[in-house]
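So the structure is just underneath, and the comments pick up after that.
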Amino acid sequence: MQSIDYYCDPAGIEQNALDQLKKYAQKSFLNKICAFTDIHYCDEKAIPVGVAFTTTDYFYPLITGKDIGCGVMYVKIDKAFWLKPFDKKAHYQALNFAQNKMTDDGLGGGNHFLSIEEDEEAVYIICHTGTRDRGIGLYQHCLQLTRDFSQVYGSEVDFIHRDFVQQDFFDYYQSILQFGYERRKNFCIKTLIFLQNAHYIQCNKAEINRAYLQHNVKAMADEGILYGTPYLLEDSVHNHLRFDRNTITHRKGSTELLRGKVAVIPLSMSRGSLMVNSGSPALVENALSSCAHGAGRKLSRFNAMKHWKTVLKEKERKQYKQRFEELLDKSGNFPSGYIQEFDFAYKDADEIFKWHPHLKKATQTTPVVTFKYTEI
């Protein structure tokens with residue numbers, strides 16, 4: 001069994017996830033495996049979420065599940081260009097309607113989201129989503145490849161030798177990752193344009209393309225000026241395989257760290273996000289250029305609902321309803337998908353820096369407004 005590098009408290013890992021991790025560490029061909037603070041059991045596959053590992057000649061293409069290429073992007077706008085606070089009563093429903101038209105296949109369920117967040121100096125449009133149907137298609141392709149390789153190998157296996165596939169496979173895989181990046185960009189940039197159109201951001205409004213929701217903005221630069229508003233875009237992926245010359249890095253729910261880039265670690269829907277930089281190159285390399293991709297659940301989705309109903313006092317539930325009034329349904333209640341993403345369901349952010357010595361804090365945001373798919 002490969003030794004496991006814990007970027008978390010091993011004693012705090014739920015037993016089923018720990019058993020899953022230790023069993024996976026016995027797999028053939030693994031060079032190194034790391035577990036991060038948001039590690040948790042995954043009932044779909046043999047490896048928990050919140051893990052990264054490397055191999056050399058063989059790779060395990062099924063570990064990401066069907067959400068291949070999932071990641072988090074943000075667009076940053078300096079507050080010098082921000083004209084007024086976001087008015088939820090005036091524009092929540094309009095922006096929610098618009099975000100459903102920003103791509104052909106929506107944000108996706110679970111903890112995927114589109115949000116506007118802020119710190120003292122800037123406003124951030126943040127999108128967490130993946131590759132949707134194309135990721136599922138790639139997963140099915142990889143599933144067939146493992147079956148084909150199993151016949152050559154002589155037994156049923158869940159890995160493939162890199163020489164078994166041609167360059168077109170690696171090109172196909174990269175195209176799916178690119179597609180996820182382009183989807184996130186469409187959500188972030190089109191939200192920026194919505195805010196420009198609604199007089200929230202200083203811009204040259206007369207130049208805005210009125211059909212912007214139908215226009216694919218994938219070719220836009222990651223940094224520039226849009227209709228008079230300077231912006232900066234950063235993206236990080238946390239569910240993928242990265243094929244390098246001598247190493248194949250597998251990330252199942254662990255954020256890829258790129259030198260000189262800021263990565264987003266969402267904390268919770270009611271707490272906001274951490275923006276982090278890479279620290280010491282040696283420490284980053286030891287952590288497989290990876291880190292947690294979220295605060296990590298303290299309560300399962302089921303237990304979060306139980307906590308809401310039986311542990312929180314009515315006064316506390318009322319405070320949530322007053323703060324997030326726009327998310328209430330016609331009966332005055334939150335859909336379960338929102339309750340499951342509130343702060344009480346997640347670990348403290350301090351846990352991340354306690355166990356991730358290779359990270360530096362860039363900033364921490366607070367949420368302004370959040371949108372989730374298939375909720376209201």
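What FRET efficiency comes out for Asp329 versus Gln364 if R0 is 35 angstrom and r is the Cβ-Cβ distance? Round to the nearest 0.05. Show your work: numbers first, answer last.
On the way: r = 30 Å, r/R0 = 0.86.
The computed FRET efficiency comes out at 0.70.
Once phi is turned into θ = phi - 60°, what whole-Hz ³J(HN,Hα) does the Karplus curve with 6.51, -1.76 and 1.60 give for every residue of the stretch 161-175, x standing for Gly and Pro?
7, 4, 6, 6, 10, 8, 4, 5, 5, 5, 5, 4, 4, 5, 5
At a 1.4 Å probe radius, which order do His199, His250 fall into by accessible area, largest first? Please list the in-between numbers first.
Numbers: His199 100, His250 0 Å².
Listed by decreasing accessible area, they come as His199, His250.
Given the stretch 165-233, report the % of alpha carbon pairs whose separation exceeds 16 Å.
Details: 1245 of 2346 pairs.
Taking all Cα-Cα pairs of the stretch 165-233, the fraction more than 16 Å apart is 53 percent.
Pulled fully out, how much extra length does the chain show between Glu14 and Glu156, if you take 0.36 nm times their separation in residues and subtract their Cα-Cα distance? If you can, show how the numbers build up before the last one.
Values: separation 142, 0.36 × 142 = 51.12 nm, distance 2.96 nm.
Taking 0.36 nm per residue and subtracting the Cα distance, the gain is 48.2 nm.
Which percent of the accessible heavy-atom area of the stretch 1-60 goes to carbon and sulfur, probe 1.4 angstrom?
The C+S portion of the solvent-accessible surface of the stretch 1-60 is 43 percent.
Cross-link list Lys101/Lys347; Lys22/Lys298; Lys190/Lys321; Lys315/Lys354: which exceed 24 angstrom alpha carbon to alpha carbon? Present the calculation step by step, with values, prior to reporting the outcome.
On the way: Lys101/Lys347 33 Å; Lys22/Lys298 21 Å; Lys190/Lys321 28 Å; Lys315/Lys354 33 Å.
Pairs exceeding the cut-off: Lys101/Lys347; Lys190/Lys321; Lys315/Lys354.
How would you order 221-228, 15-22 from highest to lowest mean count of nearby Cβ atoms within 10 Å? Could the numbers behind the result be given before it?
Working: 221-228: 13.9, 15-22: 16.2.
Peptide ranking by packing, descending: 15-22, 221-228.
What 222 nm value per residue comes from the helices of the chain, counting each DSSP H run with n ≥ 4 as -39,500 (n - 2.57) and dividing by all residues, nearest 500 deg cm²/dmol?
On the way: 9 runs with 111 residues, N = 376.
Value at 222 nm, helices only, nearest 500: -9000 deg cm²/dmol.
Compute the distance from the alpha-carbon center of the stretch 12-83 to that of the stretch 98-157, in whole Å.
13
Hey, got a sec? Which trypsin sites (Lys or Arg not before Pro) in the stretch 281-343 land in a DSSP loop and have at most 13 other Cβ atoms within 10 Å?
Details: sites: Arg297, Lys298, Arg301, Lys306, Lys309, Lys313, Lys315, Arg317, Lys318, Lys321, Arg323, Lys330; in loops: Lys298, Lys313, Lys330.
Passing sites in the stretch 281-343 are Lys313, Lys330.
Find the accessible area per residue for the chain; the probe is 1.4 Å, ligands and nucleic acids are left out, and the unit is Å². Could the numbers behind the result be given before it?
On the way: 17040 Å² over 376 residues.
With all protein chains present, the chain gives 45 Å² per residue.
In the structure displayed, which of Lys32/Lys252; Lys88/Lys306; Lys88/Lys313 lie more than 18 Å apart, Cα to Cα? If you can, show how the numbers build up before the last one.
Working: Lys32/Lys252 14 Å; Lys88/Lys306 29 Å; Lys88/Lys313 26 Å.
Violating the 18 Å Cα-Cα cut-off are Lys88/Lys306; Lys88/Lys313.
Considering only protein heavy atoms and a probe of 1.4 Å, how much of the accessible area of the stretch 175-253 is carbon and sulfur, as a whole percent?
Values: 1500 of 3140 Å².
Exposed carbon and sulfur together represent 48 percent of the surface.
The values are calculated or read from the model by the stated rules, or taken from the named source; none is laboratory data. Everything quoted here is computed from the prediction, not taken from an experiment. So basically every Cβ, Gly included, is an ideal-geometry build from the backbone, and we count neighbours across all protein chains shown. Remember, those area values only see protein heavy atoms, side chains included, never the ligands or the DNA or RNA. Shrake-Rupley method; radii C 1.70, N 1.55, O 1.52, S 1.80 Å.
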